[in-house]
Amino acid sequence: MATIQPTPLELPGLTGKTVVVTGAARGQGFAEALVLLASGAQVIATDLAEECPPALTEAASTLSGELHYAALDVTNEAEWSALAALLQKEFTEVHGLVNNAGIPFRGRIGEIARADWDRVIAINLTGAMLGIQAISPLMRAGASIVNIGSSAGLNAHHTVAYTASKWALRGLTHVTATEFGPRGIRTNIVHPGYIETEMMAAAPAIMTDAQLALTPLERTGQPEEVAAVVAFLLSDSAAYVNGAEIPVDGGFTSSAGVKYMSDIIKASQQTK
Ligand code: NDP
């Protein structure tokens, strides 16, 4: 099946807006930074590396928005505070926060070590909470927070710490949407399915095959396909969308394994 080639999108209402993206050095965070820059936003890209990755600087150079970079470990409260202080000084107000940074860990319930569990929860869940605590005081009505969940947060994926972290991130999303709604700040969560990034490059081929067998669109996704939905949620076009969960997974979670059953039945009927 031919894969589509997503093109950079330009969304209205993002020009001049200040948006923080975590884990932006590569993968989906990188694509989210680019789509926002293409829409004229001022993007504060953050990641673990001390310096902005040259690929991001280069890709941003032709886009209308302004790129800024800050080193940030999302688990580090002091670094979040320092970033918030810097943003208050430089920009006064922040319009958007994308809690994108995340790590996979494929340990199962019977074998996972406590330290690995803690690390996954610290990055995938606590990191987002710290980001919301640090950045939301700089937000006014019209601002938008987008958390990056996972299809694993909608089902019983075997990667227990990762799955639990993403289910909990849904809880954080709904609480934030409820608490900050009266201030006019929206919070939503996007659930990517199998997206072609370095995170998945390490996945065993058998896992890719199994996922594709369960995905109605019968292909993997591209980072830009998630970034487009994130940008929509940050934009004024989504002004009444708050507390929503949006899967970007080719129908994987919607089908809930039924595609596999349907395909087997179809195949057995064809052999009769
Ligand atoms: P990548 O691994 O390609 O990129 C993740 C980025 O986050 C890396 O640049 C990584 O830096 C950075 N990062 C890791 N730990 C931290 C930290 N403590 N603080 C700040 N940055 C950190 O992943 P994806 O782009 O694929 O994933 C982005 C998000 O999407 C994640 O939340 C992931 O769970 C989610 N997701 C991904 C799916 C997929 O199929 N790819 C499916 C479902 C959800 P470094 O390289 O230095 O470690």
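The values are calculated or read from the model by the stated rules, or taken from the named source; none is laboratory data. As the structure is a computational prediction, the values presented were derived from the model and not from experiment. So basically every Cβ, Gly included, is an ideal-geometry build from the backbone, and we count neighbours across all protein chains shown. What goes into the accessible areas is simple: the full protein's heavy atoms, side chains included, and nothing from ligands, DNA or RNA. Shrake-Rupley method; radii C 1.70, N 1.55, O 1.52, S 1.80 Å.
For residues in region 231-272 being hydroxyl-bearing (S, T, Y), open to solvent by less than 70 Å² (accessible area, probe 1.4 Å) and within 27 Å of M207 (Cβ to Cβ), which is farthest from the chain's Cα centre (by Cα)?
Ranking the qualifying residues of region 231-272, first place goes to S268.
Let me confirm something: among E90, E77, E66, which residue is in contact with a helix residue (DSSP H, G or I) (Cβ under 7 Å, 6 or more places away or on another chain) and open to solvent by 50 Å² or more (accessible area, probe 1.4 Å)? Spell out how you get there, then give the answer.
Working: E90 fails: in contact with a helix residue (DSSP H, G or I) (Cβ under 7 Å, 6 or more places away or on another chain); E66 fails: in contact with a helix residue (DSSP H, G or I) (Cβ under 7 Å, 6 or more places away or on another chain).
Checking each option against the conditions leaves just E77.
Being assigned to a loop (DSSP other than H, G, I, E, B) and within 16 Å of the ligand (Cβ to nearest atom) is the filter; apply it to region 173-197 and report the residue that is surrounded by the most Cβ atoms within 10 Å (Cβ to Cβ). Give the derivation first.
Residues of region 173-197 that are assigned to a loop (DSSP other than H, G, I, E, B), as a first pass: 184-185, 193-194, 196-197.
Add one more test, that the residue is within 16 Å of the ligand (Cβ to nearest atom), and what stays is 193-194, 196-197.
Details: G193: 23, Y194: 21, E196: 17, T197: 19.
Result: G193.
Which is in a loop (DSSP other than H, G, I, E, B), at pLDDT 95 or above and crowded, with 21+ Cβ neighbours inside 10 Å, of G23, G29, G16? Explain how you work it out, then say what you get.
Working: G29 fails: in a loop (DSSP other than H, G, I, E, B); G16 fails: crowded, with 21+ Cβ neighbours inside 10 Å.
Matching residue, one of G23, G29, G16: G23.
Name the single residue that is nearest to the ligand (Cβ to nearest atom) among those in region 36-59 being of a type in the set (A, V, I, L, M, F, W, C) and open to solvent by 10 Å² or more (accessible area, probe 1.4 Å). Spell out how you get there, then give the answer.
Pass one, region 36-59, residues of a type in the set (A, V, I, L, M, F, W, C): 36-38, 41, 43-45, 48-49, 52, 55-56, 59.
Subsequent filtering for residues that are open to solvent by 10 Å² or more (accessible area, probe 1.4 Å) retains 38, 48-49, 52, 55, 59.
Working: A38: 18, L48: 4, A49: 6, C52: 12, A55: 11, A59: 14 Å.
Step by step, filter region 36-59, then rank; the result is L48.
Would it be correct to say that V98 is farther than 23 Å from V160 by Cα, modelled with pLDDT of 95 or more and in contact with a His (Cβ under 8 Å, 6 or more places away or on another chain)?
On the way: farther than 23 Å from V160 by Cα: yes; modelled with pLDDT of 95 or more: yes; in contact with a His (Cβ under 8 Å, 6 or more places away or on another chain): no.
Against the criterion (farther than 23 Å from V160 by Cα, modelled with pLDDT of 95 or more and in contact with a His (Cβ under 8 Å, 6 or more places away or on another chain)), V98 does not qualify.
In region 87-104, how many are outside any strand (DSSP E or B), under 11 Å from the mean Cα position of the chain (by Cα) and not hydrophobic (A, V, I, L, M, F, W, C)?
From region 87-104, those outside any strand (DSSP E or B) are 87-95, 100-104; that's our starting set.
Checking which are under 11 Å from the mean Cα position of the chain (by Cα) leaves us with 100-102.
Checking the rest, the ones that are also not hydrophobic (A, V, I, L, M, F, W, C) come to 100, 102.
Result for region 87-104: 2.
Please count how many residues of region 198-230 are open to solvent by 50 Å² or more (accessible area, probe 1.4 Å) and near the ligand (Cβ under 10 Å from one of its atoms).
4
Can you confirm whether region 109-121 contains a residue that is within 13 Å of the ligand (Cβ to nearest atom), part of a helix (DSSP H, G or I) and more than 18 Å from G23 (Cα to Cα)? Please lay out each step first, then the result.
Keep residues of region 109-121 that are within 13 Å of the ligand (Cβ to nearest atom), which gives 118-121.
Restricting the remaining residues to those that are part of a helix (DSSP H, G or I) gives 118-121.
Filter again for more than 18 Å from G23 (Cα to Cα), leaving 118.
For region 109-121, residues within 13 Å of the ligand (Cβ to nearest atom), part of a helix (DSSP H, G or I) and more than 18 Å from G23 (Cα to Cα): present.
Can you name every residue in region 200-231 that is closer than 25 Å to A244 by Cα and in a helix (DSSP H, G or I)?
Q211, P223, E224, E225, V226, A227, A228, V229, V230, A231, listed by residue number.
Here is a check on your reading of the model: is L83 closer than 20 Å to L138 by Cβ, open to solvent by less than 20 Å² (accessible area, probe 1.4 Å) and within 15 Å of the ligand (Cβ to nearest atom)?
Details: closer than 20 Å to L138 by Cβ: yes; open to solvent by less than 20 Å² (accessible area, probe 1.4 Å): yes; within 15 Å of the ligand (Cβ to nearest atom): yes.
Against the criterion (closer than 20 Å to L138 by Cβ, open to solvent by less than 20 Å² (accessible area, probe 1.4 Å) and within 15 Å of the ligand (Cβ to nearest atom)), L83 qualifies.
Do you know which residues across region 32-65 are out of contact with any Gly (no Cβ under 9 Å at 6 or more places or on another chain), closer than 12 Å to V19 by Cα and outside any helix (DSSP H, G or I)?
Hit for region 32-65 is I44, nothing else.
Specify the residue that is most open to solvent (accessible area, probe 1.4 Å); the eligible residues are those in region 127-172 that are charged (D, E, K, R) and part of a helix (DSSP H, G or I).
Applying the first criterion (charged (D, E, K, R)) to region 127-172 yields 140, 166, 170.
If we keep only those that are part of a helix (DSSP H, G or I) as well, we get 166, 170.
Details: K166: 7, R170: 49 Å².
That would be R170.
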